[in-house]
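Chemist: Following this message is one structure expressed as structure tokens.
The values are calculated or read from the model by the stated rules, or taken from the named source; none is laboratory data. Not measured: the values here are computed from a predicted model. Reconstructed Cβ throughout: ideal geometry from the backbone, glycine too, with neighbour counts over all protein chains shown. The area values use the complete protein model at the heavy-atom level, side chains included, leaving out ligands, DNA and RNA. Shrake-Rupley method; radii C 1.70, N 1.55, O 1.52, S 1.80 Å.
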Amino acid sequence: MKIILTVIFMLTTVSCFAGSCGESPLISTANADGKKVGIFAKSGDFEESLKWDINHGEPPLSISKAVGIVQAWSKNYYSKFDTVLVHSFNMQEFTCWGRTGHWLYVFQLIPVIDGNRLFSSSYMAAVTMSGKVLEPQAISE
């Protein structure tokens, strides 16, 4: 089941780094009802973010710290749920505005209410290497 959900998430998520510089989402997905959500970045979102070369050493922000940041953020953002679990994540390089070497973690989350897990690709967030959370936003058509 997890493999199927991960495949669905990857198929419904569109990576738009080439032209995303603030106007298009870094990633986006559509809910079952057709509403679209995405994660957008602004030029200032990476001001304090440390550069990282994937070929040299570990990232400036460890996976465990990034998970802790996104879980703490999710308690407020998704407060109607009992808890929010990390289902999966990936790392992506942000290359807009002439920047290179700026990476972020993109998390797929699973809210839990009354012991039931809600699987949907629309529960997501991103964390920069400085620890800044980029929240999902509705995409107007």
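Chemist: For F40, which sequence-distant residues (separation of 5 or more, or a different chain) have an amide H within less than 5 Å of its own amide H, given hydrogens modelled in the peptide plane?
Modeler: Placed amide hydrogens put L26, Q137 under 5 Å from F40.
Chemist: Now, a different point. Put +1 on the Cβ of every Lys and Arg and -1 on every Asp and Glu Cβ in the stretch 43-93; which of A66, V84, L50 then has its Cα farthest towards the positive end of the dipole?
Modeler: Farthest towards the positive end: V84.
Chemist: Amide H of M124: which non-local residues (sequence gap of 5 or more, or other chain) have their own amide H closer than 5 Å, using H built in the peptide plane?
Modeler: Excluding prolines and chain starts, which carry no amide H, the hits are L109.
Chemist: For the stretch 36-141, which whole-number percentage of the solvent-accessible area (1.4 Å probe, protein heavy atoms only) is attributable to carbon and sulfur atoms? Spell out each step's value before the answer.
Modeler: Working: 2750 of 5650 Å².
Of all accessible area on the stretch 36-141, carbon and sulfur atoms account for 49 percent.
Chemist: Also, quick follow-up: Give the aspartates and glutamates whose C-alpha is closer than 15 Å to that of K35, dropping any in the same chain fewer than 8 places away, or say none.
Modeler: E141
Chemist: Which order, highest average first, do 121-130, 65-74 follow once you tally other Cβ atoms within 10 Å for each residue and take the mean per peptide? All intermediate terms of the calculation are to be shown ahead of the outcome.
Modeler: Working: 121-130: 22.5, 65-74: 17.3.
Ranking the peptides 121-130, 65-74 by packing returns 121-130, 65-74.
Chemist: Mind listing the phi-derived Karplus ³J(HN,Hα) values for the stretch 106-119, rounded to whole Hz, using 6.51, -1.76 and 1.60 with θ = phi - 60°, and x for any glycine or proline?
Modeler: Coupling constants for the stretch 106-119: 10, 9, 9, 10, 10, x, 10, 9, 6, x, 9, 8, 9, 8 Hz.
Chemist: Report the full-extension gain for the segment T83 to A32: residue separation times 0.36 nm, less the Cα-Cα distance, to one decimal in nm. Before the final figure, lay out the partial values.
Modeler: Details: separation 51, 0.36 × 51 = 18.36 nm, distance 2.19 nm.
In short, 16.2 nm is gained.
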